[in-house]
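First comes the structure, then the notes that go with it.
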């Protein structure tokens, strides 16, 4: 979606974050996107876009640092969505 803007090239999309990994990590957004997916599904709202974002992040992110944060998730949903 972002790359559909001609001003943004692939080189802009592959910039690693502060920890050297591409994609997103940490406790907040990782937890929040999973919560949004869960709540949307519970309400019967199509969350395919969010599910694809999470799925892609799981594929590209080498440092899954959220797995090391005990309070980030309450169960195994971090890898199952």
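The values are calculated or read from the model by the stated rules, or taken from the named source; none is laboratory data. These figures come from a predicted structure and were not determined experimentally. For neighbour counting, all protein chains shown are included, and Cβ atoms are generated from backbone atoms with ideal geometry for every residue, glycine included.
Structure data summary
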{"quantity": "Looking only at the stretch 2-19, and only at residues there that are in a loop (DSSP other than H, G, I, E, B) and at pLDDT 75 or above, the one that is surrounded by the most Cβ atoms within 10 Å (Cβ to Cβ)", "calculated": "19"}
{"quantity": "Per-region count, the stretch 56-74, residues loosely packed, with under 11 Cβ neighbours inside 10 Å and modelled with pLDDT of 85 or more", "calculated": "1"}
{"quantity": "Counted residues, the stretch 42-57 - those being in contact with a helix residue (DSSP H, G or I) (Cβ under 7 Å, 6 or more places away or on another chain) and either part of a loop (DSSP other than H, G, I, E, B) or closer than 20 Å to residue 16 by Cα (or both)", "calculated": "3"}
{"quantity": "Matching residues, the stretch 58-74, being assigned to a helix (DSSP H, G or I) and without any contact (Cβ under 8 Å) to a residue 24 or more places away in the chain", "calculated": "58, 59, 67, 68"}
{"quantity": "Single unsatisfied condition, residue 47 versus (1) more than 15 Å from the chain's Cα centre (by Cα); (2) modelled with pLDDT of 70 or more", "calculated": "(1)"}
{"quantity": "Flag if residue 81 is surrounded by 10 or more Cβ atoms within 10 Å (Cβ to Cβ), at pLDDT 85 or above and under 13 Å from the mean Cα position of the chain (by Cα)", "calculated": "no"}
